[in-house]
Amino acid sequence: MTGARRHAPVICVALGVERRALRAARTAVLRVGMGPRRAAATFRASGGLGGRPVLVAGVGGGLRADVHPGDVVVATEVRGPDGSVRQCPSAPLLAAELRRFGLVTHLGPIASERRVAGRAARARLAATGALAVDTESIWLAPTQAPYAVVRVVVDTPEAPLLRPGTAARGLRALRTLRVAAPALDAWAAATGPREVRLANPRSFCAGVERAIDVVDRALDRFGAPVHVRRQIVHNTHVVRELEAKGAVFVEEVDEVPPGSVLVFAAHGVSPAVRAEAEARGLRVVDATCPLVTKVHTEVRRHSAREATVFLIGHADHEEVEGTLGEAPADVVVVEDVAAAGRVVPRDAGNVAYAMQTTLAVDEATAIADVLRARFPEIQAPKSDDICYATTNRQSAVRDIAAGCDLVLVVGSTNSSNSLRLVEVAQREGVPARLVDHAADVDLSMLVGVRLVGVTAGASAPPTLVDELVDCLGGLGPLSVVEPATDPEVLRFTLPKEVS
Ligand code: SF4
């Protein structure tokens, strides 16, 4: 066996019909025979499959009521009858790939039994949380190499084997397996050793931690529901978790029942929104980041002396909406260098500029340079409006990007600072993608990618980065490096209503 072939992934199936269903697969398919004895013998005879990445595929039995014939189950772990457990860390990536092929795919534990599980055994296994059962997978788990298990469900507690319809369900399962073949190939092609460079710092900033804490404490203090205007921070996972605890997210104040508790999100609101909440008799808790509040204060100060304020930022961003609302007659949003070259103030001798806190530092600086050149008298912010967290994360991603084959930025699509991290990495000449979570990583992105930079926007939970790194570790040996840097120590005090 050549060196390359020794490490080539292999798809293991029990039955000839499963091998035929996967005949279009580019990955080698090995028929190991049915049941633990044959699977174990094949594994031994091949010297543990030569340390190759192993993907066990084929049909299996469903255990849970919501797992139907024809559905696919991808194992997060495989449990043996002797209590042994083998983890499958890349399962979320494989499940997402199967869903991209239109397959109904569940993610959860699979149990391997010594014989075909009868009704009582299935009930026992279902009670442990397992989604499917087979008779081979645990005996084919390599000691070190990547391992994944995919089962297409033929029979379920409601549609057991040896009943009319089994043959039809079997054919349907084999058709599903055929459809799954390219996804299995994608997993196999993405396996291999990798290095991950973690940007430092990354993920939550002080303003985001404070905003989440505000909602948590408001729920504790006032009880559910606590209403929140707009997303508390721009991250779908944070919002979902708070919803599960009793937070109710609304677009506008008029959706909140009078007398309720309303939290303003970290991006800030205009005075008009505050006035509306007061008129409605709402108990307001303000989670606006103090660094956003600082920009509001600057704008009010310039407006009080009747200056035109150029607000460098994205007009459709909630933070800019809120800041603009401080002095709509005096603020002009400037989105790019071209706009900076065109804007006309009331009085060229009485102008100032401010910035959205989450811009790309280099782009915002270029816009400010144009304004300064056109209006030498312009008043600049006392300290940078682009906040420390945005600046630090952009500098950190720039530090790790050089030499990477790919940079993955964890963050939601409406997160301005996450999008800027993608752009910063791309400007370093590196392909970069925004992913909401690990399952957003298309396996094809990882083929041939050996050095991956990973970072996260200021609104993305650090656990999502951990999950992404775990998934990558499920595709092969992974070394993780993280440059040392001084920790961010800034913390903000909480609003008095929840402190
Ligand atoms: Fe505050 Fe900056 Fe975090 Fe926005 S990114 S919440 S401005 S610290």
Counted residues, the stretch 182-208 - those being at negative phi, under 18 Å from the mean Cα position of the chain (by Cα) and either within 16 Å of the ligand (Cβ to nearest atom) or charged (D, E, K, R) (or both): 7
Filtered residues of the stretch 298-327 (kept if free of Cβ contacts under 8 Å to residues at least 40 places away in the same chain and more than 17 Å from ALA275 (Cα to Cα)): ARG301, SER303, ALA304, ALA315, ASP316, VAL320
Subset tally (residues that are touching a helix residue (DSSP H, G or I) at 6+ places or on another chain (Cβ under 9 Å) and surrounded by fewer than 17 Cβ atoms within 10 Å (Cβ to Cβ)) for the stretch 42-64: 2
Breaking point among (1) more than 25 Å from the chain's Cα centre (by Cα); (2) within 18 Å of VAL85 (Cβ to Cβ); (3) of a type outside the set (A, V, I, L, M), for GLY108: (1)
Top-ranked residue of the stretch 402-424 - restricted to ones that are of a type outside the set (A, V, I, L, M, F, W, C) and within 13 Å of the ligand (Cβ to nearest atom), ranked as farthest from ASP316 (Cα to Cα): GLY411
The lone exception for MET355 - which of (1) more than 14 Å from the ligand (Cβ to nearest atom); (2) surrounded by 17 or more Cβ atoms within 10 Å (Cβ to Cβ); (3) outside the structural domain of ALA456 (by TED's automatic domain parsing) it fails: (1)
Residue satisfying all of: in the stretch 222-239; β-branched (Val, Ile, Thr) and touching a Leu at 6+ places or on another chain (Cβ under 7 Å); nearest to the ligand (Cβ to nearest atom) among these: ILE232
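Given the criteria over 23 Å from the mean Cα position of the chain (by Cα) and either assigned to a helix (DSSP H, G or I) or over 25 Å from ILE386 (Cα atoms) (or both), does HIS237 qualify?
So HIS237 fails the test.
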Tally of residues being away from the ligand (no atom under 16 Å from the Cβ), in a loop (DSSP other than H, G, I, E, B) and in contact with a strand residue (DSSP E or B) (Cβ under 8 Å, 6 or more places away or on another chain) across the stretch 373-394: 4
Lone unmet requirement of (1) under 12 Å from the mean Cα position of the chain (by Cα); (2) outside any helix (DSSP H, G or I); (3) not charged (D, E, K, R) for THR485: (1)
Pairs, first touching a residue at least 40 places away in the same chain (Cβ under 8 Å) and part of a loop (DSSP other than H, G, I, E, B) in the stretch 204-223, second within 14 Å of the ligand (Cβ to nearest atom) and among the hydrophobic types (A, V, I, L, M, F, W, C), C-beta under 7 Å, six or more apart: PHE204/ALA458; CYS205/ALA389; CYS205/ALA458
PHE249 within 16 Å of the ligand (Cβ to nearest atom), over 30 Å from LEU371 (Cα atoms) and not aliphatic (A, V, I, L, M): no
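State which residue is nearest to ASP185 (Cα to Cα) when the search covers only the stretch 102-139 and only residues that are in a helix (DSSP H, G or I) and either touching a strand residue (DSSP E or B) at 6+ places or on another chain (Cβ under 6 Å) or of a type in the set (Val, Ile, Thr) (or both).
Ranking the qualifying residues of the stretch 102-139, first place goes to SER137.
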Of the criteria (1) closer than 18 Å to ARG86 by Cα; (2) modelled with pLDDT of 95 or more, which one PHE43 fails: (2)
Matching entry among VAL407, VAL424, VAL397 (being crowded, with 21+ Cβ neighbours inside 10 Å, touching a Gly at 6+ places or on another chain (Cβ under 8 Å) and assigned to a helix (DSSP H, G or I)): VAL397
Top-ranked residue in the stretch 289-305 [being of a type in the set (D, E, K, R) and part of a helix (DSSP H, G or I); ranked as nearest to the ligand (Cβ to nearest atom)]: LYS294
Test: ASP330 is in contact with a helix residue (DSSP H, G or I) (Cβ under 9 Å, 6 or more places away or on another chain), modelled with pLDDT under 95 and more than 16 Å from the ligand (Cβ to nearest atom): no
Tally of residues being of a type outside the set (Gly, Ala, Ser) and in a strand (DSSP E or B) across the stretch 40-61: 4
Which listed residue, of ARG64, ARG37, ARG99, is touching a residue at least 40 places away in the same chain (Cβ under 8 Å) and either assigned to a helix (DSSP H, G or I) or farther than 22 Å from ALA186 by Cα (or both): ARG64
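The values are calculated or read from the model by the stated rules, or taken from the named source; none is laboratory data. Treat the numbers as computed from the prediction; the structure is a model and nothing was measured. FYI the Cβ positions are ideal-geometry reconstructions off the backbone, even for glycines, and counts take in every protein chain you see.
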